[in-house]
Structures are given as C-alpha cells and as structure tokens.
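Notes for the one structure printed next.
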Amino acid sequence: MQLQQLIQGLQDGKLANRSVSITFDDGYADNLHNAKPLLDRYNIPATVFLTSGYIGHEREFWWDELERLLLQPGTLPETLRLSINSKTYQWELGEAADYTEDAYQHHCYWQFEHEDTPSQRHALYRSLYQLLCSLRAGDRQKVLDELLVWSSAEPANRPTHRCLSLAEAIALEQGGLIEVGSHTVTHPLLSTLPLSLQQDEIEQSKARLEEIVGHAVSSFAYPHGNYTAETATLVRQAGFACACSTAADTVWQHTDCFQLPRVVVEDWDGEEFARRLKEWFHG
C-alpha cells in the first residue's frame, strides 16, 4: 500500500495485517528507469525519498564518488595526507596502491557495512567514509576535490550511479503509483548539525521538492537513519505526516509515525527474499 495509506491506517488503529510499503532512498536515476517500470507492471505503489540538492547534480553522491576514486581498478599514490577539521591524517596504501582488475572483481560486492576489510584500499574507504559522513556539505566537497587531484582523476557521473535529473524527478510521479518524499538537501548526519541547520535541511528540501512536483510533500526519511528526538520534532513541525528511520523492525499499532522502522532488501534471489518476508511478518 502507499506509505500515506499505511500512516492513515496506523493513526486510525485499522492497519491491515501483513501490509507492506516500499521505499527507495536518495534519488538515483535507476529508480525511474529500472524500478518504476516494474512497479507499474505489477501495480505496486512506492515512495522515493529524494535528496533535493543532488537533483540534476553533475557529480555522483559523495559515497559513490569516494568508491569510484578508491575501490576501482588502477594505481594510486602510496600515501594520502589530508587536513580535515584542522586535524592532519595520513594513510599508507602500500601494495594496495596498485589495485588489479582481478582483485576488484573479487571484492566488488563489498559494502561499508561489512565487517571485513579486504585491503588497505577498503580500510581507507572506511576511514574516509566515517570522516566525511559528519562533515558539512561544503567541507566534504573540498575533501573530495582534494582526492580528485591526489588520484589524478576527473569528476564523473557514471550512468549506473547518477542522480535523477529535474525532468526525471518530475517523471517519477507520472501514473500516480510513486510518491516523492524528502531526504534533506545534502544528505547529512542530522544529529551532528545545530538545530537551525537541521531545520534548514528539512524545510528547504520540502520546499524545493514541492516546487518540483507541484504539490505538498508529506513523507520524510532520515539520511543514514540518523536523528534525535529534536530532529523528529523539527520534521513534524515542518508539516510532514511521517518519517522513516533505518531501524530494522516491522510497524506495530504503537509505532511512532516519525520513527517508522524499515527493513533493507538486499541483492537476494526470490527464495531468500520469500524467507525474509516470512521472518519479518512473523517476527
């Protein structure tokens, strides 16, 4: 069912058993070109949470740019030295400075959340991800620009990783099955920002998305699932009807509409997905 339909059922105390709402985060172009045709074919509604400041952006999301610079095959300088928030950091890649195609293929499904660290490249990615995550957008961009120079790379926007254009963001809602929701302006760790900047991220994203789609935007998702009680209050005060976290759980009658849990669907086959669905419904 539509997310707003689920919220209405939750508020009325009449939430249908085994209800499902599907959501997508960030605003990748593949939400339109890959997901939407399948949703249309099977008449399945969904909510796509867009990071408004990245719509039409000529560069990839920062975590994807970091992956492109560090975890793609090629050769990098053995030493990286950066100054971040007035603190100097230095990393040594050693043998991992040369990253072969075979090594890349072997580890191409690695993700930041995985516990293992296959190489110094992956260790560097993890370190920089954690540092960049808490920076403000302008400071983060400066570090990425330094990494471009260090790696002798050019800015790029891979077809597989690019964000929605303005026209594509508008096209998402055509047909009525997809609802556009807000995912802030720059995708920050909201809890690390002063309340005034949190408010700007929340309210400005809502205003920009409403300008794009031409109607009220009622659903919100916390970037990285990161928020505080004060953040949730700001989202409510901004006029949203609900907000999604990334806490892995099912929605119950007592669930707070501004702390909705969600379970992540990974790259599973049908059998594994069916097993997970059964587990979630009976958990």
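The values are calculated or read from the model by the stated rules, or taken from the named source; none is laboratory data. Quick caveat: nothing in here was measured; it's all calculated off a predicted structure. Virtual Cβ from ideal backbone geometry, glycine too; neighbours counted across all protein chains shown. Ligands, DNA and RNA are stripped out before the accessible areas are found, and what is left, the full protein with its side chains, is counted by its heavy atoms. Shrake-Rupley method; radii C 1.70, N 1.55, O 1.52, S 1.80 Å.
Here are the numbers:
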| read-out | value |
| --- | --- |
| Conditions (1) surrounded by fewer than 19 Cβ atoms within 10 Å (Cβ to Cβ); (2) over 28 Å from GLU168 (Cβ atoms); (3) out of contact with any Cys (no Cβ under 9 Å at 6 or more places or on another chain); (4) of a type in the set (Val, Ile, Thr): number failed by THR192 | (3) |
| Helices (runs of 4 or more DSSP H) within segment 161-263 that include 1 or more residues at pLDDT 95 or above and under 16 Å from ILE7 (Cα atoms) | 229-237 |
| From the options GLN237, GLN259, residue that is within 15 Å of SER182 (Cβ to Cβ), open to solvent by 60 Å² or more (accessible area, probe 1.4 Å) and among the polar types (S, T, N, Q) | GLN237 |
| Some residue of segment 260-275 being within 18 Å of the chain's Cα centre (by Cα) and closer than 18 Å to LYS206 by Cβ | yes |
| Every residue from segment 163-177 that is touching a strand residue (DSSP E or B) at 6+ places or on another chain (Cβ under 8 Å) and either over 14 Å from ASP30 (Cα atoms) or surrounded by fewer than 19 Cβ atoms within 10 Å (Cβ to Cβ) (or both) | GLU173, LEU177 |
| Qualifying positions in segment 136-158 - assigned to a loop (DSSP other than H, G, I, E, B), more than 24 Å from ALA96 (Cβ to Cβ) and either more than 17 Å from the chain's Cα centre (by Cα) or at pLDDT 95 or above (or both) | none |
